[in-house]
Structures are given as structure tokens and as C-alpha cells.
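So the structure is just underneath, and the comments pick up after that.
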Amino acid sequence: FNLGSVYVNEAIVHRILGDYEKAKNYCNSGIRIYKKQKIINYNLLSTAYYNLGIIYQFAEEYNEAILSFTKSMQYNRELNRLHNLNIVSSIAICYDRLENNETSAKYYLDAINIANSIYGPESIENAPFLMNLGLFYIEKFKAFDKGKELYDESLNLYLKSGETNSTDISRCFYNIGEYYYIHNSEYDKALNSIQKSLIYAEPGFADTSRY
């Protein structure tokens, strides 16, 4: 039994309920308890700081979130790569929200590299990280060709998985249609992608009469 964990769990509940101030107070209390213990459990401390970062992120206090995520990484002394992947992805989103695009792009790329090192380059687990960076390049840098290249990589990983009904595949096709083909005035290709998006999103939708 660890009293600090009780406080951190209380913080998670209050974050879900939308009471971010109370969530921060509980999480900080848990962190103080962890730090006062004779033998510090750095895994628990790292997780507590990560949860504090998530609370700040939900509260749209992105600079504070980044500080908490950074501390979480510092206390990740066992170098748990999956935990670092979650941290790096969260930091990327925070810098994205702060419009610090160059730094955000670095962390999005770091997330892809960490995912590749954990799962291997052909794993479907890498697909969401490629998709995130693809959308980021299109929205923030207007780098449409680079964004589509990343979307295609993500889509290929999803399709190799053999899934027939997938919201992730649907989202890939939809974004390729909306953010790339419509931008390039390739409307037939846009319709083709959006129709494929519907087919993957809705099992009962099978209208392929034109495309």
C-alpha cells in the first residue's frame, strides 16, 4: 500500500470529472509523499508527474504540462521506452498547441523513432504517429506532399494488418481526400478517398457504383 498512489488515483478521477484544480492538488500531494519516502520509487514518481502533465494539458496550461512531462522523463530511471513514447507524444501535442511548430515537429519525429525502436518499422503500432505528423505538416507547414507521404505510410501499415472495418483506416482515407486531393483540385480522387473512408467506417456502406 502506498498513500501517494491513493492521491494520484484521486487526481485522475477529478481530472476525468473536469475539476482540474482539485486534480492538480491531489497529484502534487501524491508527489510530495513519494519524495518523502526513505526509498523513493522512481517509477511511481515518474508516473505521477506524467499524470500531472496530462492534467495541465487538459486544463490548457501547456507550459506547465511540458515541465511536468519533462520531470516524468527525468525520473524514468528504468528507461521504459513505452513510457517515454507517451511522454514525447504528449510534449509534441503541447508545443503544437503553443504554436511552437519547429519544436513540436522535433518531438513528433522523436515519437516515430521511439515507436520504430519498440515495435519495428513494419508494425501497425507506428501508424498513428505517422498520421499525427502527416496532419501536422499539412496544417502547420502547408507541406502537402510530405503530409500525404506520411499518410500513405500510415495507411499501408493499417492495410497490411488485414482489418476490414477500421476507424483508423477510415480517418486516413478521409484526411487524404480532404487535406490533399481537394487542396490540389483533384476532386475525383478526393471522392474516391472519401468513399473508401465511408466503406471502412460503416460496415453497411458498400456503394462502389462509381469509384
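Quick one: is Asn165 closer than 28 Å to Asn100 by Cα, modelled with pLDDT under 95 and either assigned to a helix (DSSP H, G or I) or not hydroxyl-bearing (Ser, Thr, Tyr) (or both)?
On the way: closer than 28 Å to Asn100 by Cα: no; modelled with pLDDT under 95: yes; either assigned to a helix (DSSP H, G or I) or not hydroxyl-bearing (Ser, Thr, Tyr) (or both): yes.
Here the answer is no, as Asn165 does not meet what is asked.
List, please: which pairs have Cβ atoms under 6 Å, are six or more places apart or on different chains, and start with a residue in region 150-162 that is of a type outside the set (Ser, Thr, Tyr) and end with one that is open to solvent by 50 Å² or more (accessible area, probe 1.4 Å)? Note: pairs meeting the criteria are Leu157/Ile124. A Cβ distance below 6 Å, combined with a sequence gap of six or more or placement on separate chains, defines the contacts here; from region 189-211, residues that are at pLDDT 65 or above reach residues that are of a type in the set (Gly, Ala, Ser) and surrounded by 10 or more Cβ atoms within 10 Å (Cβ to Cβ) in the pairs Ala190/Gly177; Ser193/Gly177; Ile194/Gly177; Ser197/Ser170; Tyr200/Ser166; Tyr200/Ser170; Ala201/Ser170. So for region 50-65 (the condition being modelled with pLDDT under 95 and assigned to a loop (DSSP other than H, G, I, E, B)), does at least one residue qualify? Within region 50-65, not a single residue is modelled with pLDDT under 95 and assigned to a loop (DSSP other than H, G, I, E, B).
Residues in region 79-100 that are at negative phi, modelled with pLDDT of 95 or more and of a type in the set (D, E, K, R) were compared, and the one that is most open to solvent (accessible area, probe 1.4 Å) is Arg97. Exactly one residue out of Thr103, Thr47 is of a type in the set (S, T, N, Q), within 16 Å of Asn132 (Cβ to Cβ) and open to solvent by 20 Å² or more (accessible area, probe 1.4 Å), and it is Thr103.
Name the single residue that is farthest from Asn43 (Cα to Cα) among those in region 66-99 being outside any helix (DSSP H, G or I) and of a type in the set (S, T, N, Q). Outline the logic, then answer.
Our first condition is that a residue be outside any helix (DSSP H, G or I); within region 66-99, this holds for 75-80, 98-99.
From the residues that got through so far, the ones that are of a type in the set (S, T, N, Q) too are 76, 80.
Working: Asn76: 6, Asn80: 9 Å.
That would be Asn80.
For region 115-127, indicate whether the set of residues that are modelled with pLDDT under 95, part of a loop (DSSP other than H, G, I, E, B) and open to solvent by 70 Å² or more (accessible area, probe 1.4 Å) is non-empty. Yes - at least one qualifying residue is present in region 115-127.
The values are calculated or read from the model by the stated rules, or taken from the named source; none is laboratory data. Just so you know, these numbers come straight off a predicted model, no measurement behind them. Positions of Cβ are generated from backbone atoms using ideal geometry, with glycine treated the same way; all protein chains shown enter the neighbour counts. Keep in mind that these areas ignore ligands, DNA and RNA; they rest on the heavy atoms of the full protein, side chains included. Shrake-Rupley method; radii C 1.70, N 1.55, O 1.52, S 1.80 Å.
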